[in-house]
Each structure stands twice: as C-alpha cells, then as structure tokens.
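In what follows, a structure is listed as structure tokens, so that the remarks can point back to it.
The values are calculated or read from the model by the stated rules, or taken from the named source; none is laboratory data. Note that the structure is a prediction, hence the values are computed from the model and not measured. Quick reminder, even Gly has a Cβ in these numbers, built from the backbone with ideal geometry, and neighbours come from all protein chains shown.
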Amino acid sequence: MAIEVMLVDDHSIVRQGIKSIISREDDIKIVAEASDGQEAVRLAKSKSPDVIIMDITLPSLNGLDASQRIIRSNKNINILILSMHENRAFIEKSLHYGIKGYILKDSAADEIVHAIREVYAGRYFLSSKISSFIIQDYAFRKKKSLQLKGISILTARERQILQLIAEGLHNKEIANKLKISLKTVLVHRNNIMQKLDIHNQAQLIRFALREGITSL
C-alpha cells in the first residue's frame with residue numbers, strides 16, 4: 001500500500017519539483033495539493049493523507065499553525081516541514097507542535113524520499129544540515145547554562161579551592177594551606193573545570209571574579 005502524501009507550498013514550481021521526485025517511487029503517491037494554510041487544514045480533513053509535506057511561509061495561515069491544527073484534529077497524520085529556514089525557533093516550535101520532520105528545500109532528492117518514509121513510520125527526521133546545527137546549538141546552550149548556574153553547582157570545598165586558585169596560589173600551596181594532599185587538590189581542580197566547562201586558569205580566574213568569589 002502506497003504512502004499517501006499531500007503537498008503544501010504556495011509556489012507551484014516547488015510542488016512540481018517534489019512531485020517529480022516522488023513520481024520515481026513506487027511506494028509513495030501524491031493525493032492532494034494546497035497552496036495556503038487554510039486550504040491545507042481543509043484538505044487534511046477530507047483526504048486524511050499519511051504524510052503532509054508542509055512549507056512554513058504560507059498565505060492566510062502559516063505552515064506551523066496549520067500543522068498544529070491538523071495534528072490536533074488527526075494525530076495519525078505525520079507532518080514533514082520542507083523549508084528554506086534554518087531558524088532554531090522554527091525547528092523547536094515544529095517539534096513542540098508534534099511535527100515529525102524538518103528538512104531544507106536544498107536537500108537532496110533521496111533525503112526527501114527517506115524523510116517521507118521515516119515520518120510515515122512515526123519516527124522523527126531532521127535533515128543532516130539541521131541535525132548538525134541542532135547538536136552544535138545544544139552544546140553551546142548547555143555550556144552557557146552550566147556557566148549561568150555559576151557558583152551554585154560547586155561544593156563548598158571546590159569554591160574554596162577556586163578562590164585560592166584565583167588568588168594566585170599554586171596547587172602545592174593550596175594543599176599546604178588546606179592541609180590536604182596535592183592529589184586531592186588536583187581532583188578538585190579537575191572537577192571544578194569539568195562542572196563549569198572551563199579549560200584553563202585564565203578562564204577560572206575570570207569566572208571567580210565575575211561570581212564575586214575573589215576581588216584580587
């Protein structure tokens with residue numbers, strides 16, 4: 001049984017291009033087309049396709065809001081966004097609305113076909129370019145989140161050692177001052193840097209100054 005697909009894009013040339021790609025596949029067929037968001041919502045109710053390939057920038061009702069209405073009405077319809085936008089807000093909003101896939105309009109033909117099959121199977125799919133972007137963005141925001149938590153994620157001993165590092169004491173001097181082993185100091189120092197995602201002493205000192213741990 002073929003996967004029934006509806007195309008939603010306000011540019012007929014884009015719809016023609018996608019139809020040309022899909023026409024080569026025996027297990028996928030186009031059952032409806034729409035050129036605006038309102039029409040997409042109406043056709044989704046009457047045609048109930050397996051997959052909707054949806055643009056974001058549409059007249060009368062944008063693709064994301066149209067998708068949200070369609071999913072609320074029929075959770076069995078899987079939506080794949082096909083857009084020119086690499087905007088993180090659009091991608092996150094899509095996933096929040098329950099949209100299964102997000103690919104770019106410059107994606108290769110085989111990636112578009114693969115995406116259709118993946119979302120039809122109920123799996124999430126992001127184009128390779130988007131996946132890389134999302135991973136990099138997640139890593140950046142995780143780092144910022146850790147640093148924004150600041151001093152609260154360090155133990156009392158770690159804060160004490162950080163202060164002494166910022167005040168210019170060497171590891172051996174810290175060990176002598178706190179009456180602990182050099183190995184223990186090094187373990188604490190490593191833990192501090194891992195928790196804060198900081199990689200050198202200059203960054204540690206800047207962090208300590210910013211958090212008011214020391215004024216030097």
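Values for this structure:
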{"quantity": "Scan of the range 36-54 for residues that are part of a loop (DSSP other than H, G, I, E, B) and within 11 Å of Asn76 (Cα to Cα), ordered by number", "calculated": "Ser48, Pro49, Asp50"}
{"quantity": "Boolean, Ala66 is under 28 Å from the mean Cα position of the chain (by Cα), touching a residue at least 40 places away in the same chain (Cβ under 8 Å) and assigned to a helix (DSSP H, G or I)", "calculated": "yes"}
{"quantity": "Residue check for Ser20: hydroxyl-bearing (Ser, Thr, Tyr), part of a helix (DSSP H, G or I) and surrounded by fewer than 16 Cβ atoms within 10 Å (Cβ to Cβ)", "calculated": "yes"}
{"quantity": "Matching residues, the range 69-117, being free of Cβ contacts under 8 Å to residues at least 12 places away in the same chain and of a type in the set (Gly, Ala, Ser)", "calculated": "Ala89, Ala108"}
{"quantity": "Residue list for the range 52-105, restricted to those being hydroxyl-bearing (Ser, Thr, Tyr), surrounded by fewer than 24 Cβ atoms within 10 Å (Cβ to Cβ) and under 19 Å from Arg15 (Cβ atoms)", "calculated": "Thr57, Ser60, Ser83"}
{"quantity": "Test: residue in the range 188-203 that is surrounded by 14 or more Cβ atoms within 10 Å (Cβ to Cβ), part of a loop (DSSP other than H, G, I, E, B) and modelled with pLDDT of 90 or more", "calculated": "no"}
{"quantity": "Residue, modelled with the lowest pLDDT, within the range 114-140, restricted to residues that are surrounded by 18 or more Cβ atoms within 10 Å (Cβ to Cβ), in a helix (DSSP H, G or I) and not aromatic (Phe, Trp, Tyr)", "calculated": "Ile130"}
{"quantity": "Filter result for Leu182 (aliphatic (A, V, I, L, M) and either at pLDDT below 90 or surrounded by fewer than 16 Cβ atoms within 10 Å (Cβ to Cβ) (or both))", "calculated": "yes"}
{"quantity": "Which listed residue, of Leu7, Leu58, is at pLDDT below 95 and in contact with a helix residue (DSSP H, G or I) (Cβ under 6 Å, 6 or more places away or on another chain)", "calculated": "Leu58"}
{"quantity": "Sole exception among (1) modelled with pLDDT under 90; (2) of a type outside the set (A, V, I, L, M, F, W, C); (3) part of a strand (DSSP E or B) for Glu92, by number", "calculated": "(3)"}
